[in-house]
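Note sheet for the following structure.
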Amino acid sequence: MVHIHVRDPATGVASRDPLLFREVVERIREKNSELIINLTGGMGGELVFGNARTPLDFHPSTDFVGPAERMAHITALRPDIGSLDCGSLNFDDALYGTTPTFLREMATGYKAAGVIPEIEVFELGHIELAKQLIAEGVIASPALFQLCLGIKYGAPATTEAMCAMRDALPAGAKWAAFGVGRFQMPMVAQAVLLGGNVRVGLEDNLYLEKGVLATNAQLVERAVKIVELMGSRVMDVHETRHSLGLPESNARTA
């Protein structure tokens, strides 16, 4: 499975341009119809506030749009999975903001497009909101969760935090977890010990070891080694598709 963000090739700045996502998905599908594609649905929620006297004088980097624009690339391209950040979170003077109403609309849009939501949760309150949406029927059960640990002002990358979040999940939920920065590989081991799945990659950590920049492939290879040394194994794409209730291939690029 690959989780994908895109950047503007001219500026290098993170983008939510549907045409850039289309190019990436089409390039992948030209070569591989089996790979599970998970597109981010987390762009378009960034509020960068002004100072304490003029907080609504937003910084030019603010990018805050409604649910239809946040998921435009997902409903158009219909990947296997789309991430769904299930709540708001502080980032110093910036805020990633979303609301239950926004999330209901996005989850409904994912369902209509046949896309499984990957519910990204950064603290326990996000899990409670997800449970509400599951109870309302806008997210199907068993739901797929990603426990996001070590992000500043979110849940820390600790054994205690991962245990608490795992224990708060609804019955039968499928889940994975990750840690950011130097906590990435320790959280791989911790997730295996607690019965979850794992995520690694350059979105969360740039280094293979102190002072040594990594590639995505190197991070995956190291994670696989950790998983196998702990007596577990990584499922292949067919097993993973079966586990998630996905068809054997997805060549959709509407």
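Which value in nm describes the separation of the simple spin-label points at ALA171 and LEU19, placed 7 Å from the Cα toward the beta carbon?
5.1
Neighbouring Cβ atoms within 10 Å as the yardstick, rank CYS86, CYS163 fewest first.
Ordered from fewest to most neighbouring Cβ atoms within 10 Å, CYS86, CYS163 come out as CYS163, CYS86.
For LEU229 and ALA10, compute 0.36 nm times the residue count separating them, minus their Cα-Cα distance, and round to one decimal in nm.
Gain on stretching LEU229 to ALA10: 74.6 nm.
Using R₀ = 45 Å, calculate the FRET efficiency as 1/(1 + (r/R₀)^6) where r is the Cβ-Cβ separation of HIS59 and ASP236; round to 0.05.
The pair HIS59/ASP236 has a calculated efficiency of 0.50.
For a 29 Å ceiling on Cα separation, which of these pairs sit above it: LYS131/LYS225; LYS131/LYS210; LYS31/LYS111; LYS111/LYS152; LYS174/LYS210?
Beyond 29 Å: LYS131/LYS225; LYS131/LYS210; LYS111/LYS152; LYS174/LYS210.
Between region 3-52 and region 129-183, what's the alpha-carbon centroid distance in Å?
23
Rounded to the nearest 5, what is the percent of antiparallel bridges among the DSSP beta bridges in region 2-244?
On the way: 12 of 34 bridges.
Restricted to region 2-244, the bridges split so that about 35 percent are antiparallel.
So which trypsin sites (Lys or Arg not before Pro) in region 184-254 are both in a DSSP loop and have at most 14 other Cβ atoms within 10 Å of their Cβ?
Passing sites in region 184-254 are LYS210, ARG233.
The chain: longest stretch without exposed GluC sites (Glu not before Pro) (DSSP loop, at most 16 other Cβ within 10 Å), sites themselves excluded?
35-202
Along the Cα-to-Cβ line of PHE49, 7 Å from the Cα, sits a label point; which residues in region 75-106 have backbone N less than 15 Å from it?
Label zone hits: 88-98.
Report the full-extension gain for the segment SER141 to THR101: residue separation times 0.36 nm, less the Cα-Cα distance, to one decimal in nm.
My answer for the length gained is 12.5 nm.
For THR158 and LEU35, FRET efficiency with R0 = 25 Å and r from the beta-carbon atoms, rounded to 0.05?
On the way: r = 32 Å, r/R0 = 1.29.
It comes to 0.20.
Every number in this text was worked out from the coordinates using simple rules, so none of it is lab data. This structure is a prediction, so every number in the text was calculated from the model and none was measured. Neighbour counts are summed over all protein chains in view; Cβ atoms, including those assigned to glycine, are modelled from backbone coordinates with ideal geometry.
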